[in-house]
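So the structure is just underneath, and the comments pick up after that.
None of the figures in this text is laboratory data; all of them are computed from the coordinates on show. The structure displayed is predicted, hence computed values, not measured ones. Please note: Cβ atoms are built from the backbone with ideal geometry, for glycine as well, and neighbour counts cover all protein chains shown.
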Amino acid sequence: MDMNSSWGIDHILDLDLLPCVADITNMLVTVHAFTWLQTLLVMTLLALISYCIFLPMNYVRDLSDVGYDHLLEDSGLGLARRKGRNKSELVREVRRLRKVGKLPPVYPNGWFSLLDSTDLAPGNVKHVAALGENFAVFRTLAGVVHILDAYCPHLGANMAVGGAVRGDCLECPFHLWRFKGEDGMCSAIPYSDKVPDFARVKKWPSCEENNIIFVWYHAEEEKPSWRLTSIPQIQTGQWRYGGRNEFIVNSHIQDIPENAADVAHLNGVHSPSLLAGSDLRYTRRLLYSFARHIWSAKWQPNPDVRHQSTMHMHHEFRLFNKIPIIVLDGHIKQIGPAYVELYLSTSFGTLTLLQTVTPVEPLLQRVVHRIYCHPFLSLFARFILYGESIMIERDIMIWNHKTYIEKPLLVKEDQSIRRHRHWFSQFYSENSPQFSFQQENTDW
């Protein structure tokens, strides 16, 4: 009986403990789950911070991505459906019907970006079409960049497609002829005892500065009359690369640098808040009027260096048109027709944007901005680059649809535009190519 009583008491105690054990187990499971969730959130946050700080931004937009959304809205959508056309086809039609005006020559003389340095590893070759030419851009194993005409003078093979880098030469994939990078001379023909003295391919002057590969283009085939220089902080690594944006723009190349001299457009196009986006149809909505960008600027040619011009800019981002939140002072240096260095001074430090414009076709420009800054400004630089991307998309919406007016109607405050056109004309020469309409020019 005592044994049964003792067993009964122990059994009752065990039964009483079961809910407690279950509660403790559930609590431990909950704590474990909560800890796991915390870990996941922390890891996600760290990954996001690492992405924003350490991984460069790459904001890329194709031709039809900017300034053509109206084609697919309202009646535009109905038109697209009736004709069975997609957005790219509608953009092509808009380009074909646009009145381009009496244009200046389409390819000015100067240095033009073909590739970022990181796009061309040692021992690699790439084909780049620009400026009405086809280039074979290759880097030797020693790291030296050379640019030759892409087409082999033997039977016309594209040496950048299937060709190989052999020492300081580029080997054609068709018959294995080799051409020296330094002068374009043919150095070897595997099935011939003798290489003709006249066997050569055109060698293009090139340079590599600030992590960009440039080619020198001149309609008269003159040698470079001025050189690009490196920015010490970029060359030494003191400033870190923070990312880039890239756009394809439907315009004449001169329209893009002319924006610097057109200071009145700053408060016309770029005054509405970034929150309003880049579509000019919606940027002035009342919803976004509490925040504005206020600009002042002055453009002038450099009196000491003929191929350069400068622009000094002051910018404030204000709330309710009174409270400045972000203040920027910019010193902008245009070097030649297609390269710009933008130095932005802020209360946090200096950021540098490098802009290049490369004519892919007479009325198609590849516009790229790259940002550099001190490492502790990486997150701020990402914000600046994104803001700059929105702002230039507003410009692109204008460029994509405007006509070029040879003799514009200007008021006194617009005289810097006239001065800019006179300054820019130095980059044209007697044989600079003129625009002639071709159907393929609208097939991007």
(message) Taking every alpha carbon pair in region 110-217, what does the distance histogram look like in 10 angstrom bins from 0, in percent?
(response) 16, 52, 27, 5, 0
(request) Order these peptides, 248-261, 284-297, by their mean beta-carbon neighbour count within 10 angstrom, highest first. (result) 248-261, 284-297
(request) Starting with the fewest neighbours, write out 57, 159 ranked by other beta-carbon atoms found within 10 Å of each beta-carbon. (result) 57, 159
(request) Report relative contact order for region 110-217 in percent, whole number only (criteria: Cα-Cα under 8 Å, sequence separation at least 6). (result) 27 percent
(message) Quick query: amide H of residue 239 versus all other amide H atoms, modeled in the peptide plane; which residues come in under 5 Å with a sequence gap of 5 or more or a different chain?
(response) 234
(message) On a straight-distance basis, which lysines could pair with residue 194 in a cross-link, Cα separation under 26 angstrom, same-chain partners fewer than 8 positions away excluded?
(response) 180, 202, 203
(message) Ranking request for peptides 380-387, 160-167, 403-410: highest mean number of other beta-carbon atoms within 10 Å first, then the rest in descending order.
(response) 380-387, 160-167, 403-410
(request) Count the net charge of all other residues whose Cβ sits under 14 Å from the Cβ of residue 211, scoring Lys and Arg as +1 and Asp and Glu as -1. (result) -1
(message) How long are the semi-axes of the equivalent ellipsoid of region 313-430, defined as square roots of 5 times the Cα gyration tensor eigenvalues? Whole Å, largest first.
(response) 29, 19, 15
(message) For a Förster distance of 22 Å, can you work out the FRET efficiency between the beta-carbons of residue 69 and residue 320, rounded to the nearest 0.05?
(response) 0.15
(request) Can you list which of the trypsin sites (Lys or Arg not before Pro) found in region 306-361 are DSSP loop residues with at most 10 other C-beta atoms within 10 Å? (result) 322
(message) What value in Å³ per residue do you get for the convex hull of the alpha-carbon atoms in region 196-285?
(response) 213 Å³
